[in-house]
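J.: Before anything else, here's the structure in question.
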Amino acid sequence: MLEWGMINTKHAKLKAWVDEVAGICTPDAVVWVDGSEAEKKRLEKRGVARGQLLPLDPEKFPGCFYSRSKPNDVARTEHLTYICTKDKEAVGPTNNWMSPEEGYRKAREILKGSMVGHTLYVIPFSMGPVGSPFSKIGVELTDSIYVVLNMRIMTRIGQPVLDQLGTDGEFVKCLHSKADLDVNKRMILHFPEDNTIWSVGSAYGGNALLGKKCLALRIASWQARKEGWMAEHMLILGVEQNGRTEYVVAAFPSACGKTNLAMLIPPEGLKGKGYKIWTVGDDIAWLRVGPDGRLWACNPEAGFFGVAVGTNSKSNPNAIKTVQKNTIFTNVLLGDDLSVWWEDGEGAPPSSGTNWEGKPWKPDFKDKDGKPLLGAHPNSRFTAPAGQCPSIASNWEDPKGVPISAIIFGGRRERLAPLVFESLDWNHGVYVGATVASERTAAQTGKVGEVRRDPMAMLPFCGYNMGDYFGHWIAMGAKIPKPPKIFHVNWFRKDATGKFLWPGYGENLRVLEWILARARGEGKADQTPIGWLPAKDALDLSGLNLPAGALDQLLSVKPEEWTAELEGVKAFFDQFGAKLPKELAKQFEALKERLKTKVAA
Ligand code: OXD
Ligand code: MN
């Protein structure tokens, strides 16, 4: 059956598993992916021949390809995502549960014969630099060339991974089949007790690139709790000034600007201070306690799977430079001149093209409601190698990771949350993370704009009971001799007329500057019931020209609004019953008391 690619492994269990899956899915051929350049070329050629990929203008976009998905397969489908464990309580109230027997049985029905006429690719991959103490190995079996080429960018793949795996190393068994891309037969199943992921019926990145959300967050979070580390939905960035680089991690819900923040360019107004920002990761951080007693972070990914719409030279100049070559664009507008474009993007649109749905498109075309016909889907994506980013940190692949000075949580809130605040201590910081709420974006199906609670931005990604997850955070605090401080930011606060109060993007460095000063034990702050806020003159706003009163609004804490928010928090916490750590219940009561005093005063 072997077509091309060498099985250079003596891992008997791996080979047996590949045979077993081939027996279920009955592909025409099995190809072991070695990660070579020659293989990449062969795959691209195949993808093009089958109409799954289109090469872009080789002069303007060397090595870039266009891909379009089915219109019903453009975002993660949380309602079709399950954690399959023996005990239902293990997944908690915020995950969908299925028994492993039912999960395997239902998916097997769909998988049976699903690869007839197709090739099954075997992708050995490492999340994290091959051989790093942070890293975990997976093997993804897939019938999608798009998945192989994306995994090639997003992870380290091929022979070096098989070598690292040896004859009996542990790996996560990841099985993906597009099947017939029928939404009614779509299931993203995680079996943490078996170190296994089965995904059927979708080719969308978050559902199909199994190293990303499925392994590096859902399965890894389960492993991390067992093994005493943390797998988080966080960017990692370094701030360099005067020869010193300090690192922060930040968790925001999907499509809230993690990629933009990770690649920030210092603003004009702070130019004189000589800052440089270094990108280590834009989506996922694995964190471990280092020998020096600090928390260290590693980016398990090797590429960026970023939201295209809204990415431009103002919002993220580094991303624009990153995607000029060797990038796969999904569901953006394809110009007739083999260019790509998206709304709120870069430069003028092409005079004509084909939109993400495959419809003919011109800049003045309207949809059936008379609105401009979208060129790109709001969750259209680019997949680009991290090493191409101009701000990539020279140590981004350091096997020991980078030391973390601050943890930042954030959400998209028009009201309530101030621009930034610092928690009172670790446990209060865990409470702050556990109560993050945000307005829904296009990265998940559902009603855009609706506020939902998204603790630590992990609601869709925590592979076990979130009550236990909060407990794990509390327990980790006790295990980190020199813990980072924990902060909360909100770039999205609006004034009474609905205008954003904070300019965001590069200007966010002004907030990072204060955060890092506080982490060092410097920086002026005022205590409020919700935590420490920058003192009036503590943020460097030189050259910013904020409208009069904007800073006051950005830093205002209204106890009555926070008291009202407690109701939602209580309802959210109540779902976890006895699983809610008593430390969080205590934090809730303490905040309620602090707010009461303030309201009374
Ligand atoms: C992502 C997401 O794609 O969070 O990173 O949805
Ligand atoms: Mn994400």
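J.: State which residue is farthest from S405 (Cα to Cα) when the search covers only region 193-236 and only residues that are open to solvent by 10 Å² or more (accessible area, probe 1.4 Å) and either hydroxyl-bearing (S, T, Y) or without any contact (Cβ under 8 Å) to a residue 60 or more places away in the chain (or both).
T.: Filtering region 193-236 for residues that are open to solvent by 10 Å² or more (accessible area, probe 1.4 Å) and either hydroxyl-bearing (S, T, Y) or without any contact (Cβ under 8 Å) to a residue 60 or more places away in the chain (or both), the one farthest from S405 (Cα to Cα) comes out as Y204.
J.: Follow-up. Quick one: count up the residues across region 52-66 that are closer than 20 Å to R152 by Cβ and either open to solvent by 60 Å² or more (accessible area, probe 1.4 Å) or in contact with a Pro (Cβ under 7 Å, 6 or more places away or on another chain) (or both).
T.: Of the residues in that region, 4 qualify.
J.: If you go through region 257-272 one residue at a time, how many are more than 16 Å from ligand 2 (Cβ to nearest atom), in a helix (DSSP H, G or I) and either in contact (Cβ under 8 Å) with a residue 60 or more places away in the chain or crowded, with 24+ Cβ neighbours inside 10 Å (or both)?
T.: Of the residues in region 257-272, 3 are more than 16 Å from ligand 2 (Cβ to nearest atom), in a helix (DSSP H, G or I) and either in contact (Cβ under 8 Å) with a residue 60 or more places away in the chain or crowded, with 24+ Cβ neighbours inside 10 Å (or both).
J.: Among the residues of region 499-514, write down those that are assigned to a loop (DSSP other than H, G, I, E, B) and open to solvent by 40 Å² or more (accessible area, probe 1.4 Å).
T.: The answer is K499, P503.
J.: Check P399, P378 and return the single one that is away from ligand 2 (no atom under 16 Å from the Cβ) and out of contact with any Phe, Trp or Tyr (no Cβ under 6 Å at 6 or more places or on another chain).
T.: After applying the criteria, what remains is P399.
J.: Counting only residues that are in a loop (DSSP other than H, G, I, E, B), open to solvent by 70 Å² or more (accessible area, probe 1.4 Å) and farther than 20 Å from L215 by Cα, how many does region 78-126 have?
T.: Number of matching residues: 4.
J.: Here is a further query. Considering each of R108, R152 in turn, give the residue that is within 27 Å of T327 (Cβ to Cβ), at pLDDT 95 or above and basic (K, R).
T.: Residue meeting the stated conditions: R152.
J.: Check region 225-232 and report whether any residue there is in contact with a Leu (Cβ under 9 Å, 6 or more places away or on another chain) and within 13 Å of ligand 2 (Cβ to nearest atom).
T.: Yes, some residue in region 225-232 is in contact with a Leu (Cβ under 9 Å, 6 or more places away or on another chain) and within 13 Å of ligand 2 (Cβ to nearest atom).
J.: Tell me which residues, restricted to region 272-312, are of a type in the set (S, T, N, Q) and over 18 Å from I392 (Cβ atoms).
T.: Start the filter on region 272-312 by keeping residues that are of a type in the set (S, T, N, Q), which leaves 279, 299, 311-312.
N312, the sole residue that qualifies.
J.: Does S144 fit the bill of being buried (at least 20 other Cβ atoms within 10 Å of the Cβ), assigned by TED's automatic domain parsing to the domain that holds L209, within 30 Å of A285 (Cβ to Cβ) and modelled with pLDDT of 95 or more?
T.: Taking the combined requirement at face value, the residue satisfies it.
J.: If a residue must be farther than 24 Å from A255 by Cβ and modelled with pLDDT under 95, how many such residues does region 56-94 contain?
T.: 0
J.: Which number in (1) surrounded by fewer than 24 Cβ atoms within 10 Å (Cβ to Cβ); (2) away from ligand 1 (no atom under 16 Å from the Cβ) marks the one condition that R452 misses?
T.: Every condition holds for R452 apart from (2).
J.: Another question about this same structure. Return the only residue of T245, T322, T279 being farther than 21 Å from V420 by Cα, at pLDDT 95 or above, open to solvent by less than 10 Å² (accessible area, probe 1.4 Å) and more than 16 Å from ligand 2 (Cβ to nearest atom).
T.: Among T245, T322, T279, only T322 is farther than 21 Å from V420 by Cα, at pLDDT 95 or above, open to solvent by less than 10 Å² (accessible area, probe 1.4 Å) and more than 16 Å from ligand 2 (Cβ to nearest atom).
J.: Go through (1) assigned to a strand (DSSP E or B); (2) more than 14 Å from ligand 1 (Cβ to nearest atom) and name the single condition I219 misses.
T.: Tallying (1) assigned to a strand (DSSP E or B); (2) more than 14 Å from ligand 1 (Cβ to nearest atom), I219 fails exactly one: (1).
Per-residue answers, yes or no, for (1) farther than 17 Å from R594 by Cβ; (2) of a type in the set (D, E); (3) not in a loop (DSSP other than H, G, I, E, B):
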| site | (1), (2), (3) |
| --- | --- |
| E522 | yes, yes, no |
| D537 | yes, yes, no |
| S542 | yes, no, no |
| P547 | yes, no, no |
| D552 | yes, yes, yes |
| W562 | no, no, yes |
| E567 | no, yes, yes |
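J.: For region 15-26, name all the residues that are open to solvent by 10 Å² or more (accessible area, probe 1.4 Å) and either in contact with a helix residue (DSSP H, G or I) (Cβ under 9 Å, 6 or more places away or on another chain) or of a type in the set (D, E) (or both).
T.: D19, E20, I24, listed by residue number.
The values are calculated or read from the model by the stated rules, or taken from the named source; none is laboratory data. Since the model is a prediction, treat every value here as computed from it, not as a measurement. Ideal geometry is used to build each Cβ from the backbone, glycine not excepted, and the neighbour counts take in all protein chains shown. Accessible surface areas use protein heavy atoms only, side chains included; no ligands, DNA or RNA. Shrake-Rupley method; radii C 1.70, N 1.55, O 1.52, S 1.80 Å.
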